[in-house]
Amino acid sequence: MAVGIIIGAAFGKIVTSLVDDILMPVIGMIVGGVDFTDLSIKVGSATLKYGMFIQSVVDFLIVAACIFSDDGTCADYVFI
């Protein structure tokens, strides 16, 4: 189980790098030169960084899709 946790953490870092360094810049260019890391709204003294939130959502969706696609594969090998 510990090996799975370590591999999962490493996979998470790879997906985060993929989203931050490759996907979001390309999406930003397609949308018209938007840098998602700079998207924010100032509310009083707080700054809501919704661009970073969008990146986190994309990151989560990629990891969730990988886990979902792997879930069916693992279920085929479980013998009850």
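The values are calculated or read from the model by the stated rules, or taken from the named source; none is laboratory data. Everything numeric here is computed off the predicted structure, so don't read it as measured data. Cβ sites come from the backbone with ideal geometry, for glycine too, and all protein chains shown count toward neighbours. Accessible surface areas use protein heavy atoms only, side chains included; no ligands, DNA or RNA. Shrake-Rupley method; radii C 1.70, N 1.55, O 1.52, S 1.80 Å.
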Subject >> For the chain, calculated [θ]222 nm from helices alone, where every DSSP H run of n ≥ 4 adds -39500 (n - 2.57) >> reply: -22000 deg cm²/dmol
Original post:
Relative to the longest principal Cα axis of the chain, at what angle does helix 2-18 sit, 0 to 90 degrees, rounded to 10?
Top reply: 30 degrees
**OP:** Give the accessible surface of the chain per residue, rounded to a whole number of Å², with probe radius 1.4 Å and ligands, DNA and RNA excluded.
**Re:** 78 Å²
Original post:
Taking a probe of 1.4 angstrom, what is the accessible area of Ser40 in Å², to the nearest 10?
Top reply: 60 Å²
**OP:** With a 1.4 Å probe and every protein chain left in place, tell me how much accessible area Phe11 has, in Å² to the nearest 10.
**Re:** 80 Å²
Subject >> Assigned charges on the beta-carbon of Lys, Arg, Asp, Glu; the chain dipole about Cα centre (debye) >> reply: 280 debye
Subject >> Selection from Val31, Ile41, Thr16 lying farthest towards where the dipole of the chain points positive, charges on Cβ >> reply: Ile41
**OP:** Would you mind giving the average projected area, over all directions, of the Cα convex hull of the chain in nm² with one decimal?
**Re:** 8.0 nm²
Original post:
Can you tell which of Val63, Val43, Val19 shows the greatest fluctuation in a Gaussian network model of the chain with Cα springs below 10 Å?
Top reply: Val43
Original post:
Once the Cβ-Cβ distance between Ala2 and Ser69 is put in as r, and R0 is 22 Å, what FRET efficiency do you end up with, to the nearest 0.05?
Top reply: 0.40
**OP:** Would you rank Ile27, Ile62, Ile5 by solvent-accessible area, highest first, keeping every protein chain in place and using a 1.4 Å probe?
**Re:** Ile5, Ile27, Ile62
Subject >> Cut-off 13 Å between beta-carbons: net charge of the residues surrounding Met52, Lys and Arg +1, Asp and Glu -1 >> reply: -3
Subject >> Heavy atoms of Lys42: accessible area, 1.4 Å probe, square angstrom to 10 >> reply: 140 Å²
